[in-house]
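> Below is the structure I would like to discuss, written out as structure tokens.
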Amino acid sequence: MLFRGALWSLLRAKRRRSSGIAGSQQALLNGNGGDARKPCIRRGWTWILLLLALTALLVVLSQLRFCRTPVRRVLLPQPNQVNFCVVFENDSNRLFTLWAQMRQRASAPASAGTIVLAQTLHGCASVANALPGSVCIAHPCVSQQPQNTSTGCMVEALRSAGVQGPVVLYEMGTVLPPLLNDTLMQVSAQRQPFLLVGERLQVDSALASEAVGRVQTTDLPERVWLRARHTLDLGYIGLHVSRPGKMPPLPPRLIGGWHWVYQHLGSAQPHLVVDGGFALAVASRQPDAEATSKLPPLAPPQSRMLLPHELPTDDRAPTSDAQHFYHKLWSRADAQRNVALLYYTVGYEKLMQNWICWCERIGFRHYLIVVNDAERYAALTAAGIPAIHDAVWSRSLPHNAAKTSADYGTVDFQRIMTRRTLFLERVLLAGFHLLSADLDSVWLQDPFPHMDPQCDLSGQAHNGKEISGGFVHVRNHDRSRQLWARVAQCQLQNLDSLEASPKQIAKLGGLHEQQCINDIAAEMEAKHLLRRCQLHPRRFPDGRAFFEQHQPQKDNYYPVVIHNNWIVGTAAKEARFQKHGLWLAQSGRHGGCMPASAHPAHMHIDSRAPLRLLVRVLCASRPAELAQALQALRKVVLDPGDRLDVEISVDYLPGSAANQQVRVLAGQFEWPHGRLRKIFHTTHQGLQGQWLRPYDVENDGHLLMVLEDDVVLSPMFYRWVKEAVRRYYLNATAFDPQLFGVMLQRQHAVMALRRHIKNATPSDLQQVVHSGPLLFRYPLLCTWGPVFFPRHWHAFLLWQEEKRRDPAFVPCVPGLETNLWYLRNMGATAWSPYFVRYAFDHGLYGLYFNLNRFHAKPEQALSLAVNTRPDGLNYHGWKGPIGDLITFGPERVDWPDVSHIPTYDFASDRWQAHPHALALLPRLYTRFPPDACYPQSRVEFMKAAAAAVASNQRNQSTGAVGDASDAQRRLHQRQGNGAGSTVRARSHNTSASS
């Protein structure tokens with residue numbers, strides 16, 4: 001407009017000039033001289049107007065040129081002072097005005113300058129009015145949305161304007177941490193490339209008025225801190241712009257910049273990355289879950305950020321532990337980035353210690369205890385407990401509130417729940433799958449393998465189709481992040497309502513995070529935006545289902561996690577745990593854990609000792625089966641120098657021709673590979689008496705293999721047993737004290753009795769049998785060719801002898817089919833239920849081979865020992881061998897490390913914890929009623945037991961192999977080599993008899 005006006009004045013002056021000259025000449029001709037100075041005056045004004053027009057033209061040209069490249073240098077502080085450079089958002093004058101008020105009212109350091117980056121000079125005009133004394137730089141690369149402005153653009157604009165020295169780049173509306181000016185000057189003095197960064201926390205713009213007058217985060221009220229939400233953005237970047245050749249790589253933008261900085265800590269270029277503390281942004285936009293979902297997944301950094309106190313010349317306390325957040329998560333997360341987070345508040349000290357004791361017992365380490373108090377954080381860290389300090393949480397609570405308990409339903413309790421929800425949002429933004437759980441629980445197994453990977457949200461069942469907020473697993477997807485962002489906003493609204501009207505606490509209703517989770521998840525699920533899953537109610541029972549209704553025990557499910565809810569008060573929770581044998585914490589705040597019960601067999605053996613194996617063959621009245629078993633035994637393949645001892649135990653059956661044939665056959669048997677011992681009993685022992693016969697003195701220390709006469713061995717059995725014993729028994733580094741022996745049969749029996757499931761093979765064991773690993777551990781006893789380790793076998797014999805002296809004891813393992821075996825036989829022939837109970841009490845298991853995958857037809861059985869299933873005690877009519885025998889040695893297979901051998905519980909389910917934790921299962925049945933073992937009540941069971949004894953006594957006259965009269969009479973006596981037996985022993989060159 002100015003330029004156009006100047007041109008118009010010039011043209012009008014020309015016309016007047018020409019008309020003026022003509023008028024002057026006419027006046028002179030007329031004899032009137034007039035005023036000769038008027039044309040000169042008019043000519044002067046013309047030149048003035050022309051000069052103004054040229055000036056306006058130069059201004060416009062300068063503006064057009066400046067839009068391409070800044071050409072002028074602004075007056076700024078000295079290079080050794082800090083310049084605070086902010087990006088101006090043109091379309092949010094209200095927010096800028098608030099931020100300007102914050103800067104004006106704060107007592108900023110005198111050396112601090114304020115530089116505002118805007119897109120146009122029109123934007124700079126707004127800055128001049130709102131923030132006098134500041135410097136505004138207009139640059140075309142600056143976007144109207146600060147989050148879209150690149151850090152490279154900001155640095156380019158500053159350099160073009162002549163800015164030198166240390167600079168802090170941040171967005172408008174950001175409250176910076178304290179001492180940032182001093183920290184930046186100190187880092188800059190290190191004379192090497194550096195980045196000073198801080199994580200951005202964000203609150204809604206509705207709280208902007210409460211931040212007016214505060215320029216440092218320490219000045220913010222607790223109400224603002226309580227509602228601060230984490231982002232993956234940078235709150236600011238501090239750098240030195242006058243060192244272009246030595247600058248480290250810059251994050252592309254402030255948005256997502258914290259993620260970028262963390263990923264580039266391991267850059268090959270040497271530079272400092274210093275964490276200056278949180279910055280809190282008062283902005284209108286909320287955390288963008290959709291945008292953060294597109295960020296690449298995090299990876300463990302090769303190095304870490306420094307804190308100001310770690311610099312050589314500074315002795316101040318750290319301003320923030322934000323940079324430790326990622327390192328803590330990576331150090332405790334599993335390979336799939338799963339991490340459990342549990343919140344430790346005042347009053348839960350003992351419950352936390354008990355929970356940690358259970359984790360130590362099962363070998364679970366993928367967890368962090370979240371605390372809101374620096375003193376407790378230091379105490380837990382000193383005690384070796386993995387903890388993480390939520391500094392924002394501690395700042396959001398009133399003074400001393402972090403050291404007082406908060407009861408359910410109070411406003412303080414809801415504040416804690418709010419901070420927990422926001423902290424979990426931070427974990428999701430960091431790229432981890434989170435499991436939020438309460439400390440009033442015990443964990444028997446690792447819960448992560450039980451989480452369905454197809455479920456975005458999984459939780460403990462609660463009130464039908466809902467999930468409990470006390471145990472929630474959130475998988476890190478864009479859908480789940482959007483869910484949790486809405487949950488966080490919902491909980492913030494709940495807190496606002498409760499603080500505005502505390503009387504609503506009495507009618508808490510849906511004003512809690514659990515209801516937010518269920519309502520929002522149900523809405524998203526109805527729109528097919530989310531998949532929500534309830535965890536198995538028997539594997540993840542709540543307090544009422546486990547402690548009162550005994551649902552997992554009745555249905556024979558070993559729980560993964562037991563939540564001690566449906567009871568009020570920490571003292572009541574502790575008492576319930578103690579009553580049911582689930583309390584492992586000792587007295588004191590950090591008093592440690594109760595030691596695991598010692599067992600005489602839990603001792604290391606001499607790894608230098610040679611393999612000594614004794615094969616005990618049991619026979620009575622089946623000559624054809626015995627001949628087949630001995631013929632297979634003669635074909636055994638031994639390595640040079642190996643020795644295998646054999647003992648044949650022949651029972652006494654008076655008047656039985658078959659028994660006489662067996663005695664003749666045993667007497668004719670020759671054995672060239674070791675010591676041969678023959679025992680011809682002169683009194684009836686029964687199958688139980690033969691099994692439970694202790695070692696002889698000369699055989700003490702041998703591994704014992706018991707072979708009934710209807711079992712046939714593979715010629716390669718010894719080489720497989722030798723290799724397994726060498727690797728997992730004689731090897732001190734892989735020795736497993738819970739392993740009671742090596743089992744040769746293919747394990748196909750599933751003894752778990754579950755509701756609507758009887759003898760049905762669960763999918764876990766099915767997968768192992770058909771396509772699983774070479775070896776697996778399983779607590780159920782195998783009676784077809786088991787190899788017992790001597791210390792466990794000796795300990796079992798002493799244990800069962802003691803238990804048999806107790807008339808009230810029955811070898812019950814809740815929910816197993818073996819209980820019914822004992823019920824039918826009353827201990828006359830069924831000795832195996834005692835060993836099953838012994839293994840259950842002590843957490844023992846056997847090592848099984850899975851050889852089916854080497855069969856030409858994998859669906860058929862392949863093993864080292866098979867049962868011919870003849871007509872007799874267990875089978876009615878001849879059934880034939882169950883499977884085929886393996887014909888090659890162990891050198892063809894790859895033997896796994898002991899840590900990679902899976903373990904299965906009695907229910908044939910994969911045990912997702914340290915195998916030694918199986919010894920904890922009996923604690924689950926401390927207060928369980930007697931009908932856990934049998935379908936009848938205790939009284940009915942005892943009546944059935946008496947009837948079974950009478951039935952056995954009536955069958956005494958038949959002389960059957962299964963006659964129990966002698967065995968029943970010696971039921972509570974130790975079996976041994978008495979006068980009622982004849983022993984013959986042979987070695988390579990000696991023989992003896994007695």
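Each reported figure results from applying straightforward, stated rules to the coordinates on display, with no laboratory input. These numbers were taken from a predicted model, which means no experiment stands behind them. Positions of Cβ are backbone-derived with ideal geometry, glycine not excepted, and every protein chain shown enters the neighbour counts.
> Can you pull out the GluC sites (Glu not before Pro) in the range 622-712 that DSSP calls coil and that have at most 16 other Cβ atoms within 10 Å? Walk me through the intermediate numbers first.
Numbers: sites: Glu625, Glu647, Glu670, Glu698, Glu708; in loops: Glu670.
Taking the range 622-712 and a limit of 16 other Cβ atoms within 10 Å, the loop GluC sites (Glu not before Pro) found are Glu670.
> Follow-up question, since we're still on this one. Using mean Cβ contacts within 10 Å as the protection proxy, how do 273-282, 473-482 order, highest first? Don't jump to the answer; show the numbers that get you there.
Numbers: 273-282: 25.5, 473-482: 20.9.
Taking the mean over residues of other Cβ atoms within 10 Å, the ranking is 273-282, 473-482.
> What is the range 524-598 by shape, rounded, prolate or oblate, if you read a ≥ b ≥ c off the alpha carbon gyration tensor as root eigenvalues and call it rounded for a/c under 1.5, prolate for a/b larger than b/c, and oblate otherwise?
Details: a/c = 2.22, a/b = 1.88, b/c = 1.18.
Prolate is the answer for the range 524-598, as a/c is 1.5 or above and a/b outweighs b/c.
> On full extension of the chain, what length is gained from Ala374 through His914, given 0.36 nm per residue of separation minus the C-alpha to C-alpha distance? Display every interim value, and only then the final one.
Working: separation 540, 0.36 × 540 = 194.40 nm, distance 3.27 nm.
Extending this stretch completely gives an extra 191.1 nm.
> Which of the chymotrypsin sites (Phe, Trp or Tyr not before Pro) found in the range 406-487 are in a DSSP loop and have at most 12 neighbouring Cβ atoms, other than their own, within 10 Å?
Working: sites: Tyr408, Phe413, Phe423, Phe432, Trp443, Phe471, Trp484; in loops: Tyr408, Phe432.
Those satisfying the criteria are Tyr408.
> Now for a separate question. Simple spin-label model, 7 Å along Cα-to-Cβ: Asp496 to Glu156 in nm?
4.0 nm
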